[in-house]
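Undergrad: Can you keep this structure in mind? I'll have questions shortly.
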Amino acid sequence: MKSFYHLVIGMVFLLSCLFAQSIDIEHRIAAIQQDHFHGWPANNGVWVWGNEILVGLTQVEYEEADGHNIKEGAPHLSLLSRSKDGGRTWTMFDPVNYVGDGGTKLKLREPINFQHKDFAMRIVGNTYHGNTDSEGGFFYSYDRGNTWNGPYYLGDIHKHKRFEGLMLTPRTDYIALSEKECLIFISSRIEGTGLSDNISVIKTNDGGLTFELISPWVVPSEDPYRNAMPNTVQISEDEFVMVARRRNISDRNQCWIDAYKSIDGGYNWEFLNKVGDTGERNGNPPALVKLDDGRLCAIYGNRTKLQILGRYSNDNGKSWEPEFIIRDGFIKTETGRMRDLGYPRIVQTEEGNLVAIYYWATNENPQQYIAASIWKP
């Protein structure tokens, strides 16, 4: 009986391996330029309209270094890359009046229509590549990112008592609830501490003219670990699931992803569970998408395994299926200097494909570039 049991288990394992191998993932290049480093889609944002995808990225002159492979003192350019065919081909460009173009930040005077058919919004903050706005702000576009309006203040939220003595460090994570209502998921930290970030939620009910703080702490203030770079999806009218980047502040090799949920419109949050580990060297932020079939898919980079990984959830983030590999084969060097990878974003296209976008390097293209991986979930 025991031998039969082991035979069955072996057959199940073999079938599962064969099934995993049958998953067809297509890898494309979304942005590349010789002698330049391209990185950090998670810092910049992603937007999708049917089969059209727009992703933000940062470009810097390339130079091998112990940290990021960027030339010291070189400018960090905030660029975009667009695909009109579901992620298969891409065009990189420098948009009009975008982040880093030096515009004077103003208060918004006319309300935004957050549900305009060609709407995109880019949130800015401080302490990450190409972003030096400690008060936080935003740009918005009505033409799918060709031209942008801004920068604008996030109302007077930077003056709120919750953020007194702090700098705002938000990336682009927002959910439009109606034409005039929008949630924005931001983070803040004590200046000079580097890793004291915690996540808050702000909301506008008047098209961005004013914002209110509806959740001062997604993670309790006494939590000792870094909590930053959320990516959030809406499950129902009042239910939201967020995944966030965590790190032991005293150990840069203890890094992971946690999931949280709110059932009251973003006002209160509770821990769901740990999604996965993100490896050494400060880890990686997550990306999250709600699929057409109701499942969730979370993805993240792991700098120890040198992989882009994913997990599905069938119960709105309460539990997660085993990890699957989206990409491996990252370039390996004797110095170990080239572990800059990940920082993904993910969308589902009108065709039903998932498209993961992240930064990567291979033996064929050893200088970091923006990659896109496409598969049927």
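All of the numbers you see were taken from the coordinates with simple rules; none came from a lab. All values reported here derive from a predicted model rather than from experimental measurement. Cβ placement follows ideal geometry from the backbone for every residue including glycine, while neighbour counts extend to all protein chains displayed.
Undergrad: Which pairs in the list Lys161/Lys274; Lys161/Lys203; Lys84/Lys117; Lys261/Lys318 are over 19 Å apart, alpha-carbon to alpha-carbon?
TA: From Lys161/Lys274; Lys161/Lys203; Lys84/Lys117; Lys261/Lys318, over 19 Å: Lys161/Lys274.
Undergrad: Where does region 286-376 land on Rg(C-alpha)/(2.2 N^0.38 Å)? List each step's numbers first, then the result.
TA: On the way: Rg = 13.9 Å, N = 91, 2.2 N^0.38 = 12.2 Å.
Cα Rg divided by the expected 2.2 N^0.38 Å: 1.14.
Undergrad: Measure off 7 Å from each Cα along the Cα-to-Cβ vector at Asp315 and Glu179, then give the distance between these two points in nanometres to one decimal.
TA: 4.1
Undergrad: If you take the beta carbon distance between Leu213 and Glu364 as r and set R0 to 51 Å, what does 1/(1 + (r/R0)^6) give as a FRET efficiency, to the nearest 0.05?
TA: According to the calculation, E is roughly 0.60.
Undergrad: Also, quick follow-up: For the pair Thr89 and Ala65, what calculated FRET efficiency results from E = 1/(1 + (r/R0)^6), where r is the Cβ-Cβ distance and R0 = 22 Å, to the nearest 0.05?
TA: Numbers: r = 31 Å, r/R0 = 1.42.
Step by step, r from the Cβ atoms, then E = 0.10.
Undergrad: Please work out how much length the chain gains when fully extended from Arg109 to Ile235, using 0.36 nm per residue of separation minus the C-alpha to C-alpha distance, in nm with one decimal.
TA: Stretched fully, the Arg109-Ile235 segment lengthens by 42.2 nm.
Undergrad: Full extension from Arg162 to Asn97: what is 0.36 nm times the residue separation minus their Cα-Cα distance, to one decimal in nm?
TA: Details: separation 65, 0.36 × 65 = 23.40 nm, distance 3.09 nm.
That works out to 20.3 nm of additional length.
Undergrad: A further question on this structure: What's the FRET efficiency of Tyr267 with Glu351 using the Cβ-Cβ distance as r and R₀ = 35 Å, to the nearest 0.05?
TA: It comes out at approximately 0.45.
Undergrad: While we're looking at this one, here's another question. Counting only helical runs of four or more DSSP H residues, what would the 222 nm mean residue ellipticity of the chain come to if each run contributes -39,500 (n - 2.57) and the total is spread over all its residues?
TA: -2000 deg cm²/dmol
Undergrad: In nm, to one decimal, how far is the modelled label at Asn146 from the one at Asp118, with both set 7 Å along Cα→Cβ?
TA: 0.5
Undergrad: Related question: Note the angle between two axes, namely the Cα long axis of helix 2-21 and the longest principal axis of the Cα atoms of the chain, as a number of degrees from 0 to 90, rounded to the nearest 10.
TA: The angle comes out at about 50 degrees.
Undergrad: Here is a follow-up. Looking at (i) 21.7, 69; (ii) 20.4, 76; (iii) 50.9, 200, which value of Rg and Dmax of the Cα atoms in Å comes from a calculation on the structure shown?
TA: Read-out from the structure maps to (ii).
Undergrad: Roughly how big is region 94-338's charge dipole about its Cα centre, with Cβ charges of +1 (Lys, Arg) and -1 (Asp, Glu), in debye to the nearest 20?
TA: Once rounded to the nearest 20, the dipole reads 680 debye.
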